[in-house]
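This report refers to the structure that appears directly beneath it.
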Amino acid sequence: MTELGPSGVIVIDKPAGTTSHGVVGQLRRIMGTRKVGHAGTLDPMATGVLVVGVGRATRLLGHLALHDKDYSATIRLGSSTVTDDREGEVISIASERSLGMVSAADIRGAIDLLTGEIDQVPTAVSAIKVDGKRAHALVRAGEDVELAPRRVMVERFELQLIKQEASWIDLDVDITCSTGTYVRALARDLGARLGVGGHLTRLRRTRVGAWSLASAVSCDVVELAPDPTSLLMGLGECAAASFPIITVGQEHMAWIVNGRPLDDILPSPVAQPTAVLDPLGGLVALVGPSERGTAYLAVFTA
């Protein structure tokens, strides 16, 4: 059965002070549908690129969230907080003497050690589940939470500016990292390596995969648009920008709709999530590798 209502992807420039779920709630009202979701949560403090799917596009979100991301951030050295960002309770403060001994060379050396493939312990105030409960809920309830380290890739960790006062050092940095990387944890670990503590005071996500701030709009723009659904990017265009593509003929549409084996119609097994498009550029399916060859991840044609 064909799904009714608008479908597509829109990139929102999330403002500070609202949750990613809050943005979803606003767009549900504007678009007139409950079927809205986002790819990759941003904390209330953070701003920037939030990829939002509407209608059938929500089925793409889990795969879009797996793309690498760019951030612009400010890390404050000299104190640590329970949340690893400015919104948490301060739990340690370094002496001015200790901060005065931290040089630019020390900072760059510590950044180098946090660049590349690293094992990172996620920030305790996260959505990771521990015994069925969210870690952030346990921390706020006063419980001690220990999370296992995860292997992540910090492809780029560039120091742009150092601002130093007696009681703190602020670092403006640009970061490119894999999904699952916590920039707050990078701030925490950088401060720990330098022996003075650290936390995040600013975070702006500038890119998720193919989507950057250049293609983002504010919720206010969507609210005021005469036809907000006209701002949605079609499924085919979104998929083509985000994944490798394979185009199939019209004769194979029923084949895919009925879930018949893909290896009989695709030129070769795929090595990563791949969009299957029809001759007009419409999204037919998203497919990916499996032990038995190419498998369906989602079918979009009806």
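Every number here is computed from the coordinates shown, using simple stated rules; none is lab data. Everything quoted here is computed from the prediction, not taken from an experiment. Cβ coordinates were reconstructed from backbone atoms using ideal geometry, including for glycine residues, and neighbour counts include every protein chain displayed.
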Response to the item:
Cross-link reach from Lys14 to aspartates and glutamates, straight Cα distance under 16 Å and at least 8 residues apart if same chain, gives Asp43, Asp70, Asp220, Glu223
Fill in: the stretch 189-302 - Rg and Dmax from Cα coordinates, angstrom
20.3, 65
Worksheet item: Taking N as the number of residues in the stretch 7-110, what is its alpha-carbon radius of gyration divided by 2.2 N^0.38 Å?
Response: 1.46
Discussion item. Using amide H atoms built in the peptide plane, which far-off residues or other-chain residues are under 5 Å from Leu297 H to H?
Written reply: Leu286, Val287, Gly288
Fill in: Pair His21, Ile93: separation of 7 Å Cα→Cβ label points (nm)
3.4 nm
Worksheet, complete the sentence: For the stretch 31-100 the trypsin sites (Lys or Arg not before Pro) that pass both the DSSP coil test and the at-most-13 other-Cβ-within-10 Å test are Arg34
Item to complete: Take every DSSP beta bridge with both residues inside the stretch 243-302 and express the antiparallel ones as a percent of the total, to the nearest 5.
Response: 75 percent
Item to complete: Pop out the ³J(HN,Hα) list for the stretch 158-167 in order, Karplus 6.51 cos²θ - 1.76 cosθ + 1.60 with θ = phi - 60°, rounded to Hz; leave Gly and Pro as x.
Response: 10, 7, 9, 7, 10, 10, 10, 10, 5, 9
Worksheet item: Quick one: net charge of Ile245's neighbours, Cβ under 13 Å, K/R +1, D/E -1?
Response: -2
Discussion item. If you average the C-alpha positions of the stretch 247-263 and of the stretch 184-226 separately, how far apart do those two centres end up, in angstrom?
Written reply: 40 Å
Discussion item. Based on DSSP loop calls and a cut-off of at most 16 other Cβ atoms within 10 Å, the longest stretch of the chain free of exposed GluC sites (Glu not before Pro) is what?
Written reply: 166-290
Practice prompt. Please list the equivalent ellipsoid semi-axes of the chain, computed as the square roots of five times the alpha-carbon gyration tensor eigenvalues, in descending order and whole angstrom.
Written response: 41, 22, 17
Item to complete: For the stretch 243-302, evaluate the Debye formula with one uniform point scatterer on each Cα (no solvent term) and list log10 I(q)/I(0) at q = 0.12 Å⁻¹, rounded to two decimals.
Response: -0.22
Worksheet, complete the sentence: Residues whose built amide H sits under 5 Å from the amide H of Gly88, excluding neighbours closer than 5 in sequence, are Thr83
Response to the item:
For the stretch 23-29, Karplus-derived ³J(HN,Hα) couplings (6.51, -1.76, 1.60; θ = phi - 60°; whole Hz; x for glycine and proline) come out as 5, 4, x, 5, 6, 4, 5
Worksheet item: Amide H to amide H, which residues 5 or more places from Glu155 or on other chains are under 5 Å from it, using H placed in the peptide plane?
Response: Gly116, Thr176, Cys177, Ser178
Response to the item:
Residue by residue through the stretch 195-212, the couplings from Karplus 6.51 cos²θ - 1.76 cosθ + 1.60 with θ = phi - 60°, in Hz, x for Gly and Pro, are x, 10, x, x, 8, 8, 10, 8, 8, 10, 7, 9, 7, 10, x, 7, 9, 10
